[in-house]
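Colleague: Below: one structure in structure tokens.
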Amino acid sequence: MAKHIVATVDEIPPGERKVVEVGGRSIGVFNIKGEFYALRNICPHQGGPLCEGRLTGFVMADKPGGEYRYERRGEILRCPWHGWEYDVTTGQSWVDPASVRTRSYDVEIATAEDLPSTYQPGPYTAETFEVSVDQEYVIVELPG
Amino acid sequence: MTAQFGSTASVESGPVTKDQTNGHGANSPVSSVQQAPRYRAPLDTAIIDTDIHIYFPTQDALRSYLDESWQDYHRTFGQRGFDGSHYPRAMPNAARHDAWPDDGTPPGSNLPLLQKQLLDEWNIEVGVLNPLVGAGEQRNLAFGAAFARATNEWQVAEWLDPEPRLRASIIVPWEDGELSAAEIDRWGSHPGFVHALLIARTKEPLGRRKYWPMYEAACRHDIPIAIHFGGAAGVPITGSGYPNHYIEDHGGMPQTFQAQVISLIFEGVLQQFPTLKFVLIEGGFAWIPPMLWRMDSAWRKLGSEVPHVTEPPSQLFRRHFWVSTQPMEEPFKPDQFRQLLGQLDLDDRLLFATDYPHWDFDAPDRAFPVPLDKERRRKFMAENARALYKL
Amino acid sequence: MPDPTRIDCDIHNEIPNLETLYPYLPDHWLDYCRESAFNGPDAADYPESVPTTAREGSSAKPDLAEVQNCAMQDVEIGILNCAYRVQSVRNEDLAASLATAVNQWQVEHWLEKEPRLRASIVVPSHNPALAAKEIERWGDHPGFVQVILPVRAEAPYGNRRYDPIYSAAVKRGLAIGIHYGGAPGHPPTPTGWPSYFIEDYAGMAQIFQSQVISLVCEGAFERFPALRVALIEGGFTWLPSLMWRIDKEWKGLRHNTPYVRRPPSEYMRAHLRLTIQPLDAPPNPLHLAQILDQCGAEDLLLYASDYPHCHDDQDILLDLLTADQREKICSANARAFYRL
Ligand code: FES
């Protein structure tokens, strides 16, 4: 397990995202209503840059001609290429939740004091990032 | 109700239980064909992309290529095509969301972005431009002709000249055979143009004689005629009236391609023009084998009505038609894709295409759902197109 | 091995001419027909002397005796499909009366005389309310097992305007049979009118494909979970390619039709059955076997002779089947589907 600092909390307000390069992978970090989620930026279908897609909701209906329901607005990611829908909170696709999903990673929030020395520096090293005491950080945990 | 029936599919309750025949597992409420991240092909061959779309960045840019009188006309009356069959699309401009230039101009209108996202990203050796900007669909045919010519001049000035990897399409006002022939004659010997471009939903089936002067000109210059997905035609997209949804319009386009092939073959175009070549673009290809079987069977019984058709339709098709691969067929199981290639028997005729910047883009490394042998990869990814277009 | 008994899902009983219906028409329409130049529907989907309309030795419009002699050997039950196109008569009230007359004629001249036969209710489907009335009229008659609709219509059959027809059919336990032909007035292709009959004929398969897309994507099977649809005389070898394509479309465009909650191919498998004629078979039997396997055809196909229409020999198909599959396709599938 390696933990990477990828952003400050206020850099990704609710409804926004940041696409980062960590551990050789492109990863999208999303703030959905104050909760943070991280997904691999590759769509399992044809490899499209999934995390650059629109955030939308699930349009549902029980039968034609009935009411449309719009559920979980802002939590569903639509692939920018062929439009497959993914649940940001789990990485699961709508078309086949059991087997088509994109990798999701654990995300935690930490303050400067919480950061143990084992944390891998994320993209911030390249951007001459300095950890400061009055900030909260978004940390993504990568396997291996 | 018998056991056999009930065990595989239940009409009463709607939901299908487990299906044993085709590997389409039904464990999740919504089961799907694609099980795992898709197979990724090595990019070890040249790539020729036979379907790239470009657009005018603004209406002013289009007007700058029109004669002054047509500039006024365009400013006043705009484009007038076959309205009333509008299916709001799922994606703006039917484009990949990531293909919009930063300045807000439409996807496909910005050469540097196209170079970066497509030509450089995938190391594309040659890319064929198919501008779908509307010249052929104008009801005012004289304006359509001016619009077509402007589009062709724009392709040369802003795309072919600055980017040697690109080739262009001769845009024609296809509803008028003579005007189209004139436009083909104008550009037919320019090395940058590789085919003349039509859209699938023409006003009449393309075998009808009004289109023949255009074919004659194409033969004169040995230029293939490409037929691309799309159009409105002023009639419903089905032989049974207007459907309601974009998915039906978009998913129904293979029926249009079938109608065009049936027409071109049975109306005798290929006998009249024995050297003519057709390229079907963005229609997919799984519909081809069953259509050819049906056409052969119809010809065996009803051929006396079309005595000019002197050989089986399937034979004519295999001699005169090339087919782009996009949107890639995605069968339930990988083996079925191989079966499809066998039924098609068109190894020398399939042309890889991305359809950039449209949303149903096929990526060069993940387009084919199964591994292909190197020889097929070479042919599909580049060599068939190289031979057809003499690149 | 002796052939299993067969249920033949497509035998034609055609109206010889308009006069045939005179005894069954109300007086005002009778006089109207006699006084006017009206000669019956003008649909030209079965020109009488083209080679597909009748096989050697048969007539284009066989009578009961011919059907009994030529089409009923080894047949346990035969399902009649009358292709009289009342829908192409624009006067909807006349069309409705013609439909009633056709159905009365079917009862008197076919069902009451031959217990092995079942029939399909002809309806003025261009006016779904009147069509539903016609279904109500005959729905309790045990001889009718299906409502027949021509594949070419004014609007695709998934459209909600047809709900009265489906609701009446489902209520009476009747199947819907979508059948080759029809003359709704607009062109048979998405790109205008072709020149030749052979183009109409070959192109009819595409209209079946369009109807399948419509029924599934417009949610007809979600509105009517018990709806059963037979596709008659439209071929079937195109089915796998259509399943793949529409499943693919649905993955990216599902939100366009959110009530389509499962992959389209699942609805097709659950609700559709297809008759085996015309086979439109590939020359290579291996390819036919692949097609059968790809769509799970043993549960989807219904045996049909399409008498008196003329198609290729069906042995190429039947020879590929195991005994069990043969039994399903030749009778079990139809028995279950039509509740025979
Ligand atoms: S690559 Fe994401 S939906 Fe196809």
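Colleague: How big is the shadow of the Cα convex hull of chain B, averaged over all directions, in nm²?
Modeller: Across all orientations, chain B yields a mean hull projection of 21.6 nm².
Colleague: Quick check: Cα centre of segment B:38-91 to Cα centre of segment C:171-243, how many Å?
Modeller: Cα centroid of segment B:38-91 versus Cα centroid of segment C:171-243: 33 Å apart.
Colleague: Return the Rg/Rh value of segment B:207-331, two decimal places, where both radii are evaluated on C-alpha atoms and Rh is the Kirkwood radius.
Modeller: Details: Rg = 14.9 Å, Rh = 15.5 Å.
Checking Rg against Rh, the ratio lands at 0.96.
Colleague: Using modelled amide H (1.01 Å from N, peptide plane; none on Pro or chain starts), what sits under 5 Å from the amide H of C:Ala54, excluding residues fewer than 5 places away?
Modeller: Hits under the 5 Å cutoff: C:Cys310.
Colleague: Now for a separate question. What is the magnitude of the charge dipole of chain B about its Cα centre, with +1 placed on the Cβ of each Lys and Arg, -1 on the Cβ of each Asp and Glu, and no other charges, expressed in debye to the nearest 20?
Modeller: It works out to roughly 920 debye.
Colleague: Oh, and also: Under the rule a/c < 1.5 gives rounded, and otherwise a/b versus b/c splits prolate from oblate, where does segment B:76-133 land using the Cα gyration tensor? Mind showing how you got there, number by number?
Modeller: Working: a/c = 2.14, a/b = 1.93, b/c = 1.11.
It comes out prolate by the Cα gyration axes.
Colleague: If you wrap chain C's Cα atoms in a convex hull and average its projection over all directions, what's the area in nm²?
Modeller: Projected area, direction-averaged: 17.0 nm².
Colleague: Counting Lys and Arg as +1 and Asp and Glu as -1, each charge on the Cβ, what is the dipole of segment C:6-337 about the Cα centre in debye, to the nearest 20? Walk me through the intermediate numbers first.
Modeller: On the way: 29 positive and 44 negative charges, 293 e Å.
Once rounded to the nearest 20, the dipole reads 1400 debye.
Colleague: Oh, and also: What fraction, in whole percent, of alpha-carbon pairs in segment B:161-246 exceed 20 Å separation?
Modeller: Considering segment B:161-246, 40 percent of its Cα-Cα pairs are separated by more than 20 Å.
Colleague: Which three semi-axes in whole Å describe the equivalent ellipsoid of segment C:253-331, each the square root of 5 times a Cα gyration tensor eigenvalue, listed largest first?
Modeller: Values: eigenvalues 152, 39, 34 Å².
Semi-axis lengths for segment C:253-331 are 28, 14, 13 Å.
Colleague: Using θ = phi - 60° and the Karplus relation 6.51 cos²θ - 1.76 cosθ + 1.60, list the HN-Hα couplings for segment A:92-107 in order, rounded to whole Hz, with x at every Gly or Pro.
Modeller: The phi angles translate into 7, 8, 6, 5, 7, x, 6, 10, 9, 8, 9, 4, 10, 10, 6, 10 Hz.
Colleague: Mean separation of Cα pairs under 8 Å and 6+ residues apart, divided by the residue count of segment C:233-340: what relative contact order is that in percent?
Modeller: 29 percent
Colleague: Counting only Cα, what are the radius of gyration and maximum Cα-Cα distance Dmax of segment C:181-340, in Å?
Modeller: Computed over the Cα atoms of segment C:181-340, radius of gyration and Dmax are 16.3, 45 Å.
Colleague: Roughly how big is the protein assembly as shown's charge dipole about its Cα centre, with Cβ charges of +1 (Lys, Arg) and -1 (Asp, Glu), in debye to the nearest 20?
Modeller: Its charge dipole is roughly 480 debye.
Colleague: Let me ask something else about it. Classify segment C:1-131: rounded, prolate or oblate, from the alpha-carbon gyration tensor (a ≥ b ≥ c, eigenvalue square roots; a/c under 1.5 rounded; otherwise prolate if a/b is larger than b/c)?
Modeller: prolate
Colleague: Turning to a different aspect of this structure: Expected output is a single nm value to one decimal: the length gained when fully extending between B:Asp373 and B:Asp185, i.e. 0.36 nm times separation in residues minus the C-alpha distance. What is it?
Modeller: The B:Asp373-B:Asp185 span can extend by a further 63.6 nm.
Colleague: Where q = 0.08, 0.09 Å⁻¹, what log10 of I(q)/I(0) comes from the Debye formula for the protein assembly as shown, counting one point per Cα?
Modeller: Results for the protein assembly as shown at q = 0.08, 0.09 Å⁻¹ read -0.76, -0.94.
Colleague: Related question: For segment B:328-391, what's the radius of gyration and Dmax over Cα atoms, in angstrom?
Modeller: Reported Rg and Dmax, both Å: 12.1, 36.
Colleague: Which Cα, out of B:Tyr242, B:Val306, B:Pro254, lies furthest along the positive dipole direction of the protein assembly as shown (beta carbon charges, K/R +1, D/E -1)?
Modeller: B:Val306
Colleague: Among DSSP beta bridges whose residues both lie in the protein assembly as shown, state the antiparallel percentage, nearest 5.
Modeller: Details: 40 of 88 bridges.
The antiparallel proportion sits near 45 percent.
Colleague: Same structure again: What is the average number of partner chain Cβ atoms found within 10 Å of a Cβ in C:151-158?
Modeller: 5
Colleague: If you don't mind, another one. Among C:Pro263, C:Pro278, C:Gly143, pick out the residue whose Cα is farthest towards the positive end of the charge dipole of segment C:6-337, where Lys and Arg carry +1 and Asp and Glu carry -1 on C-beta, about the Cα centre.
Modeller: Value computed over the given set: C:Pro263.
Colleague: Suppose R0 equals 25 Å; then what is the FRET efficiency for A:Glu35 and A:Tyr68 from their Cβ-Cβ distance, rounded to the nearest 0.05?
Modeller: Approximately 0.45, to the nearest 0.05.
Colleague: Next question, about the same structure. So what is the relative contact order of chain C, in percent, for Cα pairs below 8 Å that sit 6 or more residues apart? Walk me through the intermediate numbers first.
Modeller: Details: 577 pairs, mean separation 70.2, N = 340.
Computed over chain C, the figure is 21 percent.
Colleague: Follow-up question, since we're still on this one. Between C:Asn91 and B:Asn123, how high is the FRET efficiency from 1/(1 + (r/R0)^6) when r is the Cβ-Cβ distance and R₀ = 60 Å? Nearest 0.05.
Modeller: 0.40
Colleague: Check B:Thr50: other-chain or 5+ apart residues with amide H under 5 Å from its amide H, H built from backbone geometry?
Modeller: Counting only residues 5 or more places away or on other chains, the set is B:Val128, B:Ala353, B:Thr354.
Colleague: Pairs B:Lys203/C:Lys248; B:Lys116/B:Lys390; A:Lys3/A:Lys33; B:Lys277/B:Lys390; A:Lys63/C:Lys171: which are spaced more than 21 Å apart, C-alpha to C-alpha?
Modeller: Exceeds cut-off: B:Lys203/C:Lys248; B:Lys116/B:Lys390; A:Lys3/A:Lys33.
Bear in mind these aren't lab numbers, they're just calculated from the coordinates by the rules spelled out. Note that the structure is a prediction, hence the values are computed from the model and not measured. Methodologically, a virtual Cβ is constructed for each residue, glycine included, from the backbone with ideal geometry; neighbour enumeration extends over all protein chains shown.
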